[in-house]
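Heads up: the structure comes next, in structure tokens.
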Amino acid sequence: VGRTLAIGSLAQFFLLGTGFMILETKAITQFALIWGSTWVVASATIASVLVMAALGAWLAGRLPRIRPWFVGVPLLALLLLAYLLPIGSIGFESLAAETAFYSVLTFSPVLLAGLLFSGSLKQADNVAFAYGANLLGAMLGGVAEYLALITGYRLLLLAIALCYIVAIVLYPREKSARGSVSTA
């Protein structure tokens, strides 16, 4: 019989899933603005998101511990930068330069989100429950993306930031060798 997860831990995985799915769907829409809305653009964007998430998981596997605020502060800073510099707000001489700039701005948060998720998963007592909560959150994130029809895509960044702030606050504390909990 597996151990259960505390409600806070389930909520954290739920919010990580919600934020990630909104990030992914927002990325697809952003790159459709640059390259056009085609299946090739959507496929390349989804592939880029998955590669960055996998890279985050790979890095988390090599690091002994993920400190949530060391990852979270740059993640939130990149979301703020994306809010301040929406697609098309900066003029570029070439499509390649524009694509490179907005790729870094769009996919770097996905890498950091992958680090947060993988770091949390390494500490989860029940991985199946953690994945389940994460998938339910991703389903909500997919639905929440439709808020953009009312609010616009820039305000989705605030929803993403809120998901990650709460997830960072709920990030599991590292257990010391004596079984006590240390602060992050």
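Here are a few things to note about the model shown:
- Calculated log₁₀ intensity ratio I(q)/I(0) where the Debye formula runs over C-alpha points of segment 63-110, q = 0.13 Å⁻¹: -0.37
- Of all accessible heavy-atom area on the chain, the percent that carbon and sulfur account for (1.4 Å): 72
- Phi angles across segment 27-33 convert, under the Karplus curve 6.51 cos²θ - 1.76 cosθ + 1.60 with θ = phi - 60°, into 3J(HN,Hα) values of 4, 4, 5, 4, 6, 5, 5 Hz, Gly and Pro given as x.
- Label-to-label distance for Trp58 and Val73 is 2.7 nm, based on points extended 7 Å past Cα in the beta-carbon direction.
- Proximal charge balance of Leu80 [Cβ under 15 Å; K/R count +1, D/E count -1]: +2
- Charge-dipole axis of the chain as Lys and Arg at +1 and Asp and Glu at -1 on Cβ define it, positive-most pick from Leu162, Gln12, Leu149: Gln12
- For segment 94-110, backbone phi angles converted through the Karplus equation (6.51, -1.76, 1.60; θ = phi - 60°) give residue-by-residue couplings of 9, 5, 5, 5, 4, 4, 4, 4, 6, 5, 4, 5, 8, 8, 4, x, 5 Hz, Gly and Pro being listed as x.
- In sequence order, calculated HN-Hα J values of segment 40-52 (Karplus, 6.51, -1.76, 1.60; Hz; x Gly/Pro): 5, 5, 4, 5, 5, 5, 4, 4, 5, 4, 5, 5, 5
- Note that segment 1-82 carries a Kirkwood radius of 15.0 Å, evaluated over its alpha carbons pair by pair.
- For the peptides 43-50, 83-90, 104-111, the ranking by mean Cβ contacts within 10 Å, running from highest to lowest, is 104-111, 43-50, 83-90.
- Phe129 sits with roughly 100 Å² accessible to a 1.4 Å probe, with DNA, RNA and ligands left out of the calculation.
- For the chain, the fraction of C-alpha pairs farther apart than 31 angstrom is 18 percent.
- What the pair-distance distribution of segment 107-167 shows, using all Cα-Cα distances binned every 5 Å from zero, is 4, 15, 22, 27, 18, 9, 4, 1 percent.
- Segment 1-105: trypsin sites (Lys or Arg not before Pro) in DSSP loop, at most 16 other beta carbons within 10 Å: Arg3, Arg65
- Multiplying the residue separation of Ala32 and Val143 by 0.36 nm and removing their Cα-Cα distance gives an extension gain of 38.0 nm.
The values are calculated or read from the model by the stated rules, or taken from the named source; none is laboratory data. Just so we're clear, the structure is a prediction, and the values are computed from it rather than from any experiment. When we count neighbours, we look across all protein chains shown, and the Cβ atoms used for this are built from the backbone with ideal geometry, even at glycine. These accessible areas exclude ligands, DNA and RNA; they are computed on the full protein's heavy atoms, side chains included. Shrake-Rupley method; radii C 1.70, N 1.55, O 1.52, S 1.80 Å.
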